[in-house]
1. Once you mark the GluC sites (Glu not before Pro) that are in a DSSP loop and have at most 10 other Cβ atoms within 10 Å, what is the longest gap between them in the chain?
2. Taking the full set of protein chains and a 1.4 angstrom probe, give the accessible area of SER113 in square angstrom, rounded to the nearest 10.
3. Determine how large the accessible area of THR35 is when every protein chain is in place; take a 1.4 Å probe and give Å² rounded to the nearest 10.
4. Can you tell me the accessible area per residue over the chain, all protein chains present, probe 1.4 angstrom, in square angstrom?
5. Using just the helices of the chain, give the 222 nm mean residue ellipticity in deg cm²/dmol: DSSP H runs with n ≥ 4 each add -39,500 (n - 2.57), and the total is spread over all residues, rounded to 500.
6. Which FRET efficiency, nearest 0.05, do PHE48 and ARG14 yield, Cβ-Cβ r, R0 22 Å?
7. Once you put a point 7 Å from the Cα of LYS183 and another 7 Å from the Cα of THR35, both along the Cβ direction, what distance in nm separates them?
8. Share of the chain's accessible area from carbon and sulfur, percent, 1.4 Å?
Amino acid sequence: MPSSNEPHSKEGHRVELGVALWLSLLWLWLAIDPTDRTDWLLENILVFIFCGLLIATYRRFRFSSVSYLLFAVFMSLHLVGAHYTYSETPFGFWLQTLFDLQRNHYDRIVHFSFGFVLAWPFRELLIRAVGVRPAWSYLMVMITVLGFSGFYEALEGMVAMTVSPELGAAYLGTQGDEWDAQKDTALAFIGSVLTMGWVWWRGRSEQSSA
């Protein structure tokens with residue numbers, strides 16, 4: 001991985017600008033007439049904080065183009081869920097009908113994607129900015145994903161009770177499942193395990209062929 005102060009190529013800057021443009025246009029489009037405006041505003045707290053951190057730290061630490069593309073994938077999934085509310089996302093209903101499921105599983109997809117998609121950027125951050133040794137990075141990424149996911153579930157519950165208790169399950173997306181938070185956290189962890197397993201295997205394969 002390149003050092004944190006290595007200048008990005010022109011291609012890298014184009015990727016970053018493309019990601020920023022895509023997310024801005026998608027956000028504006030999905031901000032129009034969401035299913036529940038209050039829920040949409042609460043869901044977008046995450047978007048504002050996350051994007052604000054990326055912008056504020058951009059000059060000090062720039063992720064790779066791959067990481068910015070992965071950020072775009074995850075944020076796109078989240079923005080769609082925020083527009084429809086996670087429990088009423090059309091793609092989730094399509095899957096529910098196709099596989100004869102008992103609930104809309106779009107929220108499960110996004111939580112799994114948190115670990116599966118963002119494990120790579122987390123590893124990049126830990127190695128380049130924190131100085132974690134590559135050999136330890138796989139485990140540290142999985143622990144980081146597990147910690148962030150659990151913290152978000154707890155924070156989500158606090159926000160729901162404090163800011164807008166009337167939304168209740170609509171904001172939390174539990175759909176009547178009392179173990180929803182634990183399942184969401186477990187899926188994020190599984191996603192990170194799969195990605196880090198692939199990264200480890202890829203590294204070993206490259207070493208063997210060198």
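1. That gives 1-165 as the longest site-free run.
2. 10
3. Number for this one is 80 Å².
4. Roughly 58 Å² per residue, with all protein chains present.
5. -25000 deg cm²/dmol
6. Result of the calculation: an efficiency of 0.30.
7. A separation of 1.6 nm, rounded to one decimal place.
8. 69
The values are calculated or read from the model by the stated rules, or taken from the named source; none is laboratory data. Because the structure is predicted, anything quoted here is derived from the model rather than measured. So basically every Cβ, Gly included, is an ideal-geometry build from the backbone, and we count neighbours across all protein chains shown. In case anyone asks, the SASA skips ligands and DNA or RNA and just uses the protein heavy atoms, side chains included. Shrake-Rupley method; radii C 1.70, N 1.55, O 1.52, S 1.80 Å.
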